[in-house]
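Take a look at the structure set out below.
The values are calculated or read from the model by the stated rules, or taken from the named source; none is laboratory data. All values reported here derive from a predicted model rather than from experimental measurement. FYI the Cβ positions are ideal-geometry reconstructions off the backbone, even for glycines, and counts take in every protein chain you see.
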Amino acid sequence: MARSMLMLALCVLLPALISAGRPMSHPYVLQGRVYCDTCRAGFETSATTYIPGAKVRVECKNKEQKVIFTSEGTTDATGTYYINVNEDHGDETCDVVLVSSPINGCKTADPGRDRARVALTSYNGIVSDQRFANNMGFMKDEIMSGCTTLLQSLMEEEN
C-alpha cells in the first residue's frame, strides 16, 4: 500500500507541482489601447486620439484582495500596449489599470474607463495565448473644438 501511494505521488503529484512552479512556455500576451477623450464624452469617438508613451499596470489580487502580481507596460506609437505574463492567474482577479499619460492637458483618468478586467488563465475555454483588455482612457482638460457638433450628430444618429 505504501509503495502504491509513493508511485501515485511520483507519477501524478510531482509533475503537477513542478509545472505549477515553472513559468509557462507560451506566456500570455496582454494587449489593449490607451486613448485621450478629446471631447470628454466618456467613450471613444471619431475625435479620440491614442496616446503613445502612456503607462499601464496589470495587477492580480487573491481572494483576500491582496495584490500578488504586478507588471507594467508602455504604449507604442499607436497607443497600444503589450504585456507578457508568464504565469496562469486562474484563481485571481486581474485588472489592467492606467498609471500615467505623457500628454499635457490629458492626464486625468476617465472614471469607469481607468481599468479593465482581464482573464489570465487557460482554464476558461480560450485557446489563444493572446488576451485583450478593453480600451482605457484619459480625459482632456479642455474640450476640443468641434466636439459639440460631433456629439450632436451622434445623438441624432441614435434617434
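Against the criterion of being farther than 30 Å from Thr148 by Cβ and more than 18 Å from the chain's Cα centre (by Cα), Lys63 qualifies. Residue check: Phe138 meets all listed conditions (1) surrounded by fewer than 11 Cβ atoms within 10 Å (Cβ to Cβ); (2) in a strand (DSSP E or B) but one, namely (1). Ser145 meets each of the listed conditions (1) surrounded by 12 or more Cβ atoms within 10 Å (Cβ to Cβ); (2) without any contact (Cβ under 8 Å) to a residue 40 or more places away in the chain; (3) over 21 Å from Val34 (Cα atoms) apart from (1). Reported count of residues in region 30-42, each being at pLDDT 95 or above and surrounded by fewer than 17 Cβ atoms within 10 Å (Cβ to Cβ), is 1. Here Val58 passes the criteria (1) within 15 Å of the chain's Cα centre (by Cα); (2) closer than 14 Å to Cys36 by Cα; (3) surrounded by 17 or more Cβ atoms within 10 Å (Cβ to Cβ); (4) hydrophobic (A, V, I, L, M, F, W, C) except the one numbered (2). Selection within region 43-87: residues that are at pLDDT 95 or above and among the small types (Gly, Ala, Ser). The member of this set that is farthest from Ser101 (Cα to Cα) is Ser71.
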